[in-house]
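Asker: Have a look at this one before I ask anything.
Where a number appears in this text, it was derived from the coordinates with a stated rule and is not lab data. This structure is a prediction, so every number in the text was calculated from the model and none was measured. Here the Cβ is made from the backbone with ideal geometry for all residues, glycine too, and neighbour counts use every protein chain on show.
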Amino acid sequence: MYADYVYPAVFTLTHIDVYCTSMAVTTFDTYKAVALLQKHGLPKDAAEGITELLKHVTEDSMVTKADLDLALHKQTVSLIKWQTGVLIGHAVATAALTVALIQLLAR
């Protein structure tokens, strides 16, 4: 159900496409970002630097619903394993105590 692969990011001059495990695409238009920053008074070099930073933040720390679903699934499986171990341990201890009690009462 869950993919263990991530598609690589595809870069062009005007935008970045990030393919996530859910195969969703997020587009970040770097040309518009630079133009908007310049419109608000930043020099071109500063606007390009900020846009480059935003591009890296977008591609490195994006979390999708599929990522959250996968993390929840892993956590649920871990919890079920832990609970199963506790229940088996409890059953073994109960059986051992029952046998010991029967042997003690049989004397």
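Asker: Once the Cβ-Cβ distance between residue 83 and residue 53 is put in as r, and R0 is 35 Å, what FRET efficiency do you end up with, to the nearest 0.05? Let's see the in-between values first.
Answerer: Numbers: r = 44 Å, r/R0 = 1.27.
Plugging the Cβ-Cβ distance into 1/(1 + (r/R0)^6) gives 0.20.
Asker: While we're here: Can you tell me which lysines have their Cα less than 29 Å from the Cα of residue 44? Leave out same-chain residues fewer than eight positions away.
Answerer: 32, 55
Asker: Set the Förster distance to 35 Å, then compute FRET efficiency between residue 35 and residue 72 from the Cβ-Cβ distance, nearest 0.05.
Answerer: 0.30
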